[in-house]
Each structure stands twice: as structure tokens, then as C-alpha cells.
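Worksheet: the structure to be examined is printed underneath.
The values are calculated or read from the model by the stated rules, or taken from the named source; none is laboratory data. Predicted model only: the values in this text are computed from it and were never measured. Virtual Cβ from ideal backbone geometry, glycine too; neighbours counted across all protein chains shown.
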Amino acid sequence: MYRYDEFDARIVSERVSQFRGQVKRRMAGTLLEDEFKPLRLQNGVYLQLHAYMLRVAIPYGQLSGRQLRQLAIVARDYDRNYGHFTTRQNIQFNWVALKDIPDVLAKLAEVEMHAIQTSGNCIRNVTSDHYAGATKDELMDPRPWCEIIRQWSTFHPEFAFLPRKFKIAVTAAEHDRAAIRVHDIGLHIRKRGDVVGFEVHVGGGQGRTPHLATLVNEFVPEAQLLDYLEAIMRVYNRFGRRDNKYKARIKILVSELGEAEFRRLVEEEYAAQRENEKIDLPQAEIDRIHAYFAPPELAAKPDKSSAFEALKAEDTEFARWARINLHPHKTPGYTSITVSLKPIGGLAGDATDAQMMTVAHLAETYAYDDIRVSHAQNLVLPHVALDDLPDVYRELKAAGLHTANESLITDMIVCPGLDYCNLANARSIPVGQAVQEVFADPDYQEDIGRLHINISGCINACGHHHVGHIGILGVDKKGEEFYQITFGGRADEKAAIGDIAGPGLKADDVPGALKRVVDTYRELRADKGELFIETLARLGHDPFKEALYAAG
Amino acid sequence: MTSVRPKLKPDTPKAVTAWETATGQNVWMAADGSWTQDVSKVAAFTGDEAEARLADAQTQEGIVTDPYFMEVTETGEITGRETLRETIRAKGPTVSYGEGV
């Protein structure tokens with residue numbers, strides 16, 4: 001992984017000192033909240049329903065054991081013994097006191113972490129495939145490019161005050177696990193002959209006006225990537241709306257200008273950029289960053305592991321976990337593990353300090369000190385030998401981290417909702433838990449197969465409801481919570497925005513209604529291999545709407 | 001302002017609530033104008049007095065942040081359209097969290 005150089009370390013440390021002074025002045029009342037707010041947001045500090053919330057950056061979701069252990073220490077010493085992993089592959093602490101935040105940031109700086117650009121109208125954490133560098137189906141490891149973009153965008157003086165926040169995702173796999181089509185910029189790494197380049201999608205996003213990104217350029221060669229990104233950002237910075245917060249994202253600009261005009265403006269800016277101040281990346285610099293992401297030296301192993309096969313044969317629970325939570329690794333004898341943070345009745349994405357310590361230990365002992373946070377709010381150990389799976393599983397089980405539900409119906413993306421969030425209109429977590437309960441039976445879940453349910457507690461869509469196969473949106477109707485259901489969304493390479501099924505449901509009615517929908521799918525699917533989303537596409541939404549609103 | 005809440009009529013009983021600046025904890029204004037973390041000690045105000053109390057809170061920047069009106073009954077119980085939000089704010093999340101799960 002990338003390691004700080006002396007400049008990185010100094011910048012982060014100086015930022016901690018600067019923020020310490022700002023907090024001191026805020027508490028003295030000499031800095032007013034209206035003045036302080038943009039400063040705290042630049043350091044990842046929100047004021048939520050109950051307390052301040054600190055969002056810490058985890059670049060493209062990658063952590064070392066030492067870093068995760070430090071996050072556990074922060075959770076234990078400054079929060080309420082847990083943290084919440086987010087869809088931006090970051091972590092949030094929900095109860096941290098403002099007076100302590102400078103100390104927390106100093107602790108993070110000790111392990112090369114910070115909270116810079118995790119909020120505000122700037123380029124946020126660049127996200128990526130959580131199996132990057134390990135998965136069989138990738139063209140190459142996208143993380144070096146995430147790091148290059150991170151370095152370019154961090155403290156970029158021109159892009160510190162954009163019209164709105166800005167999110168970039170990068171993938172290099174055919175199966176898109178980074179949701180690039182619902183990002184402000186989504187990059188897909190491609191190759192033409194020997195030349196590496198990027199397919200550039202612009203103007204995707206969720207929130208109150210969901211859009212899928214437009215393919216703006218099919219191939220930008222790698223050396224010119226930053227020039228091209230710079231051109232997009234300049235067009236956005238110049239023409240993006242600042243008069244209306246709800247129309248300020250680049251998706252609105254692309255939509256209002258139209259694809260052709262937006263592309264023309266970008267090309268014009270790009271040409272000027274190439275003429276006047278091009279920033280061609282030298283190959284030596286590309287190579288230097290790539291060197292930080294050299295694959296671990298995995299000892300050669302046979303395809304099959306006798307220890308793994310033996311435990312599968314004797315322990316059906318382990319066998320189920322292995323069927324569901326493992327992802328094929330590019331190296332024979334190895335696998336990637338999803339550590340589910342979605343136990344039935346738990347809080348999606350939450351991990352206690354003790355659980356974080358367990359995963360840190362496992363990473364250091366068995367997984368080449370590499371941990372990822374997935375945008376679906378789980379943790380991943382990307383490089384684990386099949387031989388070590390029995391030991392890893394035993395430790396995960398002891399820590400309550402062995403839920404076998406990766407990409408199954410109970411592996412829901414759930415925003416904090418009205419239980420924590422100052423913007424939410426309705427609760428998400430208890431509804432998510434109630435939905436999990438009706439699908440809790442492991443055989444039932446496995447029979448249903450891959451089905452993504454995503455829940456948001458307001459139209460800002462932090463719970464990605466627009467791209468859930470089934471989406472749930474909490475709304476407030478005269479003080480009462482209702483839940484609107486959408487069908488047909490997806491975040492992968494066949495990205496789609498879900499369609500609203502009809503009137504909202506009361507919270508208590510949601511689990512039963514979804515069970516009817518899912519059971520209808522089980523009756524109507526062509527065969528067991530046809531996913532819910534495929535049956536929905538084949539038959540249309542009507543049978544499922546009918547099931548949704550049938551008398552319970 | 002972080003929190004934009006619905007407008008309340010002058011004669012609607014209301015309490016003043018905010019976040020303690022140093023910690024972020026929720027606080028409510030008691031009858032004597034002091035801040036309490038105990039929502040049962042909240043005082044209900046109306047009319048000009050309510051406006052004066054809010055204005056006073058807004059001058060206490062180092063102590064509290066983003067004070068606003070919250071609808072209550074005459075005896076200080078949370079009521080009105082934002083009952084759920086304000087109850088969660090007063091009592092905490094409706095779900096167990098952390099080691100309590």
C-alpha cells in the first residue's frame with residue numbers, strides 16, 4: 001500500500017495543529033459556528049442528531065492491520081466502542097466530542113490517516129473494487145490509479161470550492177463492484193494493445209435526482225488521465241450551478257447541457273490544457289506509485305487445500321460460509337474473504353473495537369496485512385491461503401464476524417437514518433433489521449440467491465436505494481414514517497435506477513410485503529440460477545407490484 | 001445553521017434546544033435559562049419570551065451550537081410533527097448499538 005513520504009506526514013501533522021487551534025477558538029466562542037462549519041467539514045467533522053460525527057478517510061478502502069487497530073483504539077478511547085463503515089469505504093465515529101477531535105486526528109496521523117476531504121464541496125475519497133489486486137476478473141490493479149488521483153485531488157487549489165461534493169470511482173474488472181455509473185466520474189481501466197487507458201463516465205449520481213453516468217470518452221491514455229480529469233473539473237467548476245444546492249452536482253450540468261455539448265466543452269478545455277499546461281504523467285512516476293502496490297509474495301500452493309476440504313466436509317456451517325463469502329483469487333491456493341458486518345439484527349457496517357482488533361490480527365497473521373472496506377459496508381481480507389481458512393474462520397466466529405451472507409438478501413446497504421442523521425426523515429436501521437429477520441433462515445437466503453436490498457432514510461440516498469434490486473426509501477408524511485419501494489435498480493456494469501412501485505408502506509408492513517415479492521420471484525423464476533433482477537427484467541414489474549400490495 | 005426546522009406559531013409552546021459546543025451533546029434550556037442534558041427539565045416558552053430565549057441562546061456560541069425551537073406541550077413534553085425526531089434526539093437511537101447489539 002501507499003506509504004507517506006516526509007511531505008505527506010508534515011502536511012497531515014500541520015493540519016492537525018491548525019485544526020486544534022480552530023477548535024480552541026470555537027470553544028472560546030471567538031470563532032462562530034457559521035465560520036467554523038466549513039473548517040470542521042474540511043476535517044470530516046459533522047454535527048449530527050446526537051453529537052459530532054467524525055468521518056475518517058480510508059483511501060479506496062484499503063487499511064493495514066496497524067491502521068485498523070488504531071481505529072479500534074479511537075473507538076474505544078474516544079467513542080462508544082464501535083465505528084461505522086460507510087459506502088464511501090470510509091469509517092465514521094458517531095459520538096466523538098469536539099474537544100477530543102484534535103487528539104483523535106493526531107492519533108490517526110501516527111498511522112498515516114486523516115479526515116481531510118471527507119466532507120465539503122471537494123473531491124472526496126476515491127473508491128474502488130474491494131477485491132482490487134486480488135480478483136481473477138480484473139485487467140489490472142486499479143489502486144495505483146486511485147492513489148494517483150488521490151494525490152492529484154488532495155488540496156488541489158482549483159477544486160477546493162466546487163459547486164458541490166465530487167465523487168470518483170475506479171474499476172478494472174468486467175463485473176463492476178465500484179458502482180462507477182453512479183459516480184460523478186466513473187473510470188473503467190481498459191487496454192488498447194499495450195496502451196493502458198480509461199473509459200470515462202461522467203454525471204452519474206443518486207440523491208433526489210438520480211442519473212446514470214454518460215460515457216464521455218471511450219479511451220483516455222493513462223499518461224493523459226490527469227489532464228482529462230482536470231478538463232472535466234474545470235468545465236464543472238465554471239458551468240456547474242451554484243444558485244441551487246439541489247441542482248449543483250455535475251449530473252445536472254451534464255443533463256442540462258446534453259451529452260454532446262458537455263463533451264464538446266470538455267474536449268475544448270482538454271485541448272487548451274494540452275496546449276498550455278499539460279501534466280503528462282512521466283512513466284517513472286506511474287511506475288513509482290505502482291511499486292507501492294506490488295502484489296504480496298504468495299507462496300506457490302496447490303489449487304486444493306486438504307485442511308479446507310476436510311473442514312468443509314465436517315462442518316456444514318463453515319461449508320456454507322465458504323460457499324458464500326469467498327471470492328476467487330488470481331493465485332491458485334488463495335482466496336478473498338468477505339468479513340460480513342451484517343449479522344441478522346445487527347447494524348449494517350458497524351464493528352466494535354474488539355471486532356476491529358480481531359480483523360487487524362487476522363490480517364497481520366494470515367492476510368499479508370491487507371484489509372479492505374467494501375462499498376457494501378463489509379470488510380474484506382483479499383489474500384488468504386485456503387489452508388488458513390479453518391483458523392481464520394474460527395477466529396471470525398469467536399468475534400461474531402462469521403455471518404454467511406455476502407451479496408445475499410440480508411447483506412443490505414443501510415444508511416444511519418433518523419437514529420443518527422440530522423438530515424434523515426425516517427429510520428433505516430430498524431426497518432433493515434426487520435427485513436433481515438424475515439429472511440434470516442440461511443437455507444432460504446441461499447435459495448433466493450444474490451439480491452441487493454438497499455435502504456435510505458431520506459432522498460439524499462446515502463443507503464443507495466436507487467440502485468438496490470429492491471430499494472427502500474424512508475419518507476415523512478405528517479410526522480409518520482412511510483417507506484417507498486423501488487424495483488430494478490442495480491449498481492454494476494448493467495447499472496439502472498430503480499422504478500417506484502407505488503404508494504409508500506408503513507414500517508411494519510415492509511418485511512411482509514418484501515417476503516411476498518421474493519416468494520413471487522421464487523415461484524416465477526425460470527430456474528434456480530435466474531437471479532431476482534433477471535426475473536424482474538424478463539417478466540416486468542407488474543407481478544411483483546401485485547405481490548407487494550397484496551393483502552398481508 | 002446546521003438544523004433547519006419547521007416554523008412554529010408564536011403562541012405554540014416551544015422549548016429551546018441545542019448542541020453543547022465542546023462535546024456535541026444535546027442540551028435543552030431550563031426555566032432559569034441554564035442548559036440541561038435532562039430533557040425532563042425542559043421549559044416551555046411562548047411568544048416574545050420564546051424569541052428572547054432563543055436570541056439569548058444564539059449569543060452563547062462557545063457554550064452551545066445551533067439553538068432552535070422544538071415543539072412541546074405547556075408542561076414540556078415533546079409533541080408536534082417532529083415528535084419522533086426530537087424523541088430520538090432526547091433518548092438516543094431506537095436500536096441497540098456497539099457492544100449492546
State whether the residues of segment A:325-335 include one that is under 26 Å from A:HIS130 (Cα atoms), over 27 Å from the mean Cα position of the chain (by Cα) and not hydroxyl-bearing (Ser, Thr, Tyr).
-> yes
Does segment A:350-367 contain at least one residue that is in contact (Cβ under 8 Å) with a residue 12 or more places away in the chain, in contact with a Lys or Arg (Cβ under 6 Å, 6 or more places away or on another chain), assigned to a helix (DSSP H, G or I) and closer than 23 Å to A:GLN48 by Cβ?
-> yes
Residues being surrounded by fewer than 19 Cβ atoms within 10 Å (Cβ to Cβ) and either on the phi > 0 side of the Ramachandran plot or of a type in the set (Phe, Trp, Tyr) (or both) - total across segment A:233-275 = 3
Taking segment A:78-110 and keeping residues in a helix (DSSP H, G or I) and either away from chain B (no Cβ under 14 Å) or touching an Asp or Glu at 6+ places or on another chain (Cβ under 6 Å) (or both) leaves A:TYR78, A:LEU105, A:ALA106, A:LYS107, A:LEU108, A:ALA109, A:GLU110
Residue list for segment B:56-81, restricted to those being among the charged types (D, E, K, R) and within 7 Å of chain A (Cβ to nearest Cβ) | B:GLU61, B:ASP66, B:ARG81
Selected residue [within 12 Å of the chain's Cα centre (by Cα) and within 10 Å of chain A (Cβ to nearest Cβ)] from B:ALA30, B:ALA90, B:ALA22, B:ALA44 = B:ALA90
In segment A:419-437, residue farthest from the other protein chains (Cβ to nearest Cβ) [restricted to those that are assigned to a helix (DSSP H, G or I) and touching a Leu at 6+ places or on another chain (Cβ under 7 Å)] | A:VAL435
Considering residues that are part of a loop (DSSP other than H, G, I, E, B) and touching a Leu at 6+ places or on another chain (Cβ under 6 Å), the number found within segment A:473-502 is 3
Consider A:ILE453 against the criteria (1) in contact (Cβ under 8 Å) with a residue 24 or more places away in the chain; (2) aliphatic (A, V, I, L, M); (3) more than 14 Å from chain B (Cβ to nearest Cβ); (4) surrounded by fewer than 24 Cβ atoms within 10 Å (Cβ to Cβ): it satisfies all of them except one. Which criterion is unmet?
-> (4)
For residues that are more than 19 Å from A:PHE161 (Cα to Cα) and either without any contact (Cβ under 8 Å) to a residue 24 or more places away in the chain or not assigned by TED's automatic domain parsing to the domain that holds A:PRO282 (or both), tally how many sit in segment A:221-244.
-> 0
Where a residue in segment A:199-211 is without any contact (Cβ under 8 Å) to a residue 24 or more places away in the chain and its partner, wherever it lies, is surrounded by fewer than 23 Cβ atoms within 10 Å (Cβ to Cβ) and part of a loop (DSSP other than H, G, I, E, B), with Cβ under 9 Å and at least six apart = A:HIS201/A:LEU212
